[in-house]
Every structure is written in structure tokens, then in C-alpha cells.
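**Student:** Dropping the structure in here first, questions after.
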């Protein structure tokens, strides 16, 4: 076993044989999770039997653009339509100006970073990917645009977006706002402007970025709920070409470094069906990982149910 620490998360990297035969309960004091990278498909049933979930390492969230804003909103729940319209009314009532900078220049990107870096810095395990990719993004500036939200000429929010003409998709790569109670309203209003820009470009889809399949570390469970309620569906990121990391099998041992609860999205493939080729249509399930006892599992699982999930389960950690 090789042990590595990534952004505070201690991971034991093992092969299939070690995963199947290890006494992992005794490692709970030293490891947050155990992982097999790129397990062969024929090993998946055995890994699941040993308590591992087989999953894409990263997921990318996708939604069709729709012919109009109203058509897009009609696909959402009543509550989420209300949330989006509240955001739009809030922006209009406060005279928040939505500008589109296309292409992105140095000034636009650096103004974005002035909001983004404190935002990420306030996260327990935040990683400033946008800052790390500044030169790369500005080197591809013609492929990027930004939706900027201004209130009284002060930047209060920004979405940094990539145009993927090859996939007919606008990818919302990074989003940030000022840190106050209005941020979700501003974000929803900015997203609607991104969808409008995608329609202007004649694109078919919008992507709401790429997250690890394990929510509770870099990305938090609330982000899963936010994206799913907005009508986005996750797919394995490598199918969209955003990440090329292979599949993984993970068993979480403790939640010391993770949130309570945490979430893990994995493949929902029957053991007797064989792994086959992973496609856009491969079913997914979600497990809610908790260290707490529960008397009403349905209530605990309710916030995380989504139409794209084949199943939702509760896994007791510890």
C-alpha cells in the first residue's frame, strides 16, 4: 500500500488484491479512504463485495440549452423556478448590470481573480485552479468569455466560461461572487445570462463544470444539490474530454477530513451484468456517507434524490 496526502486527505492506494483482502477497519486511525485506481472491469463485483464503490474519478455536469429561458425553467421544479426568478428579480431590482466580455482579456481575468481568490481561500480545502491556470486561459482567450455582474460599477460576481465549439457546449469553468447572503441569487442570474449567450452562439448545451465524484472534500454536498436542482445531469468527465483520469474504486473509512455527511457518486451496474463500456447512459447511484445514527433514512436521503440517479443509499461510516 502506498499512502499519500492530497489537500489534507490521507489516501491508501492499493491494488485489487489488497483491496479485497485488507482488514480496513484497523486502518481507520491513519487513513481517510482506500482507493484502487483504474480497476479492471472484471474486478468490479469483487470490489463492491469488499465495500468499495466503483466510480468515475470526476464528473461533468451538463444541461441542454433549450430554445428559450422559459423552456429551460419549465424543466425545473416549482421551487427552483421560483429561486431562479427571485434571482432575476433581485438583479433587476438592484440594477445589477450583466456584461459579457468576449473574449476575456487580462483586466477582466484579474478582476475576476480579486473575487475568486478570497472566495477559495475561505474554503477548508479550496484549490485555486483558476489562478493556477491563468496563463493557459489567457493564452486561449478567444475561446473564453466572462459574464460579469456589476452593482454600482462594483464587480459582485463573475462566471468564467469556455466555448467548446467541438462539443457545441459552453462550459462554466469558474464562478465567484462577493461573500454575502445574496450570492446564490446573483449566481442564478449570471447562469441565465450564460444560457442566453449559449443560445446566441447556437450551442446545444451548457456545462456547469467538473467535480470529484466524492463530495465532502474539495467540493461540498451542497454543490451537488445546487447543480442537480438547476436541471444539470452528471456524466463521467472523461466522456466529455474535460479530464482523462480513469475510474476508481473507493472505500471511505472515516469522515474526520470530510464533511458530515459526504456523498459519493458511483456506477449502478448489476454484478451479473458485467461492466461493459461506460457511456453517457451508464446508470449512476449516490451514497450518503454519514457517521451519525439515523432513525429516518428516507428523511436523510430526501435532499439528495434526483431523476438521473438509479438509486440513493445511506452508508454508515465508523
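**Student:** Would you confirm, using the coordinates I've provided, whether residue 150 is in contact (Cβ under 8 Å) with a residue 12 or more places away in the chain and over 23 Å from the mean Cα position of the chain (by Cα)? Spell out the reasoning first.
**Tutor:** Numbers: in contact (Cβ under 8 Å) with a residue 12 or more places away in the chain: yes; over 23 Å from the mean Cα position of the chain (by Cα): yes.
For residue 150, the condition - in contact (Cβ under 8 Å) with a residue 12 or more places away in the chain and over 23 Å from the mean Cα position of the chain (by Cα) - is met.
**Student:** Let me ask you something else. Which residues, counting only those in the stretch 219-258, are surrounded by fewer than 21 Cβ atoms within 10 Å (Cβ to Cβ), in contact (Cβ under 8 Å) with a residue 24 or more places away in the chain, in the same structural domain as residue 310 (by TED's automatic domain parsing) and touching a helix residue (DSSP H, G or I) at 6+ places or on another chain (Cβ under 6 Å)?
**Tutor:** 243
**Student:** Out of (1) in the same structural domain as residue 281 (by TED's automatic domain parsing); (2) closer than 20 Å to residue 188 by Cα, what's the single condition that is false for residue 94?
**Tutor:** Residue 94 satisfies all of (1) in the same structural domain as residue 281 (by TED's automatic domain parsing); (2) closer than 20 Å to residue 188 by Cα except (1).
**Student:** Based on this model, can you work out whether residue 286 counts as over 15 Å from the mean Cα position of the chain (by Cα), under 26 Å from residue 7 (Cα atoms) and not assigned by TED's automatic domain parsing to the domain that holds residue 189?
**Tutor:** no
**Student:** Another question, if that's okay. Test residue 266 against the stated conditions and say whether it is over 30 Å from residue 69 (Cα atoms) and either in contact with a strand residue (DSSP E or B) (Cβ under 6 Å, 6 or more places away or on another chain) or assigned by TED's automatic domain parsing to the domain that holds residue 76 (or both).
**Tutor:** On the way: over 30 Å from residue 69 (Cα atoms): yes; either in contact with a strand residue (DSSP E or B) (Cβ under 6 Å, 6 or more places away or on another chain) or assigned by TED's automatic domain parsing to the domain that holds residue 76 (or both): yes.
So residue 266 passes the test.
**Student:** Checking the structure you have, find out if any residue of the stretch 136-145 is in contact with a strand residue (DSSP E or B) (Cβ under 6 Å, 6 or more places away or on another chain) and not in a helix (DSSP H, G or I).
**Tutor:** Yes, some residue in the stretch 136-145 is in contact with a strand residue (DSSP E or B) (Cβ under 6 Å, 6 or more places away or on another chain) and not in a helix (DSSP H, G or I).
**Student:** Ok, one more. Report, by residue number, each residue of the stretch 153-174 that is within 17 Å of residue 63 (Cα to Cα) and assigned to a strand (DSSP E or B). Don't jump to the end; show me each part of the working.
**Tutor:** Pass one, the stretch 153-174, residues within 17 Å of residue 63 (Cα to Cα): 159, 161-174.
Once the filter is applied, which keeps residues that are within 17 Å of residue 63 (Cα to Cα) and assigned to a strand (DSSP E or B), the stretch 153-174 yields 159, 161, 162, 163, 164, 169, 170, 171, 172, 173, 174.
**Student:** Tell me which residues, restricted to the stretch 91-114, are part of a helix (DSSP H, G or I) and at pLDDT 95 or above.
**Tutor:** In the first step, residues of the stretch 91-114 are kept if they are part of a helix (DSSP H, G or I); the result is 91-93, 106-114.
Passing the criteria: 106, 107, 108, 109, 110, 111, 112, 113, 114.
**Student:** For the stretch 175-189, name all the residues that are outside any helix (DSSP H, G or I) and either surrounded by 16 or more Cβ atoms within 10 Å (Cβ to Cβ) or touching a residue at least 24 places away in the same chain (Cβ under 8 Å) (or both).
**Tutor:** In the first step, residues of the stretch 175-189 are kept if they are outside any helix (DSSP H, G or I); the result is 175-182.
If the condition is that a residue be outside any helix (DSSP H, G or I) and either surrounded by 16 or more Cβ atoms within 10 Å (Cβ to Cβ) or touching a residue at least 24 places away in the same chain (Cβ under 8 Å) (or both), then 175, 176, 177, 178, 179, 182 are the ones that fit.
**Student:** Here's a follow-up. Give, as residue ranges, the strands (runs of 3 or more DSSP E) completely inside the stretch 1-85 that count at least 2 residues that are crowded, with 16+ Cβ neighbours inside 10 Å and touching a strand residue (DSSP E or B) at 6+ places or on another chain (Cβ under 6 Å). Working first, answer last.
**Tutor:** Values: elements: 2-6, 9-13, 33-37, 53-55, 58-64.
The qualifying strands (runs of 3 or more DSSP E) are 9-13, 33-37, 53-55, 58-64.
The values are calculated or read from the model by the stated rules, or taken from the named source; none is laboratory data. Just so we're clear, the structure is a prediction, and the values are computed from it rather than from any experiment. Cβ sites come from the backbone with ideal geometry, for glycine too, and all protein chains shown count toward neighbours.
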